[in-house]
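Below you'll find the structure, written out as structure tokens, and then a few comments.
Every number in this text was worked out from the coordinates using simple rules, so none of it is lab data. Keep in mind the model is a prediction, meaning the values are calculated, not measured. All Cβ positions, glycine included, derive from the backbone under ideal geometry; neighbour counts span all protein chains shown.
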Amino acid sequence: MRILIVEDEVMIREGLAKLIKSHTGHTVAGEASNGQEGLNLALRLRPELVITDIRMPVMDGLELTQAVRQAYPAVPVILLSAFADFEYARTALRFGVSAYLTKPVNYGELMKTFRAVTHSAIAPESAPAPAPETAGDGQPVSYKGYYNEIVTRIQAYVRDNVDTASLIGAAELTGLSASYVSTIFHRC
């Protein structure tokens, strides 16, 4: 599978490329630092998967997604964002993205999403070591699972109600306050 990575942060872009090459067996056909470069590469390379950041100079990831969708409707797009903004997620789903992940992207979540999108298996020997008792931000791993479960439920809600989804609706779905739902999105 030919994969295009579009990310303005060099370390993240290179890290993703290295991860994909070493753990999936797929080819990173190209890398770009902004949406316009990414679109030019996509039109030339015809990737089978695009992984892109949302906020980038020149052309953002949402504009890139829309352009890729017009040129290659069947090509899956995975969006990455440091912002768990509800409107970004809703717009992304409207454009038909395959997944929306917030940064910092958890290795397990990325590989799970990658497998779902590509239907490929990750070699067991490539799997990471078991998670430590606490996550990088000092929170217990069990809390991370709780947060991820809530985010997954909200993402499904947004996907199923893309035109009418709201922060208030997500809060009602989860039984949490709107401000707490927003906080959870920023933590995951």
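General remarks:
- If you wrap the tightest convex hull around every Cα atom of the range 1-80 and split its volume per residue, you get 69 Å³.
- The calculated FRET efficiency for ARG94 paired with VAL10, based on their beta-carbon distance and R0 = 25 Å, is about 0.25.
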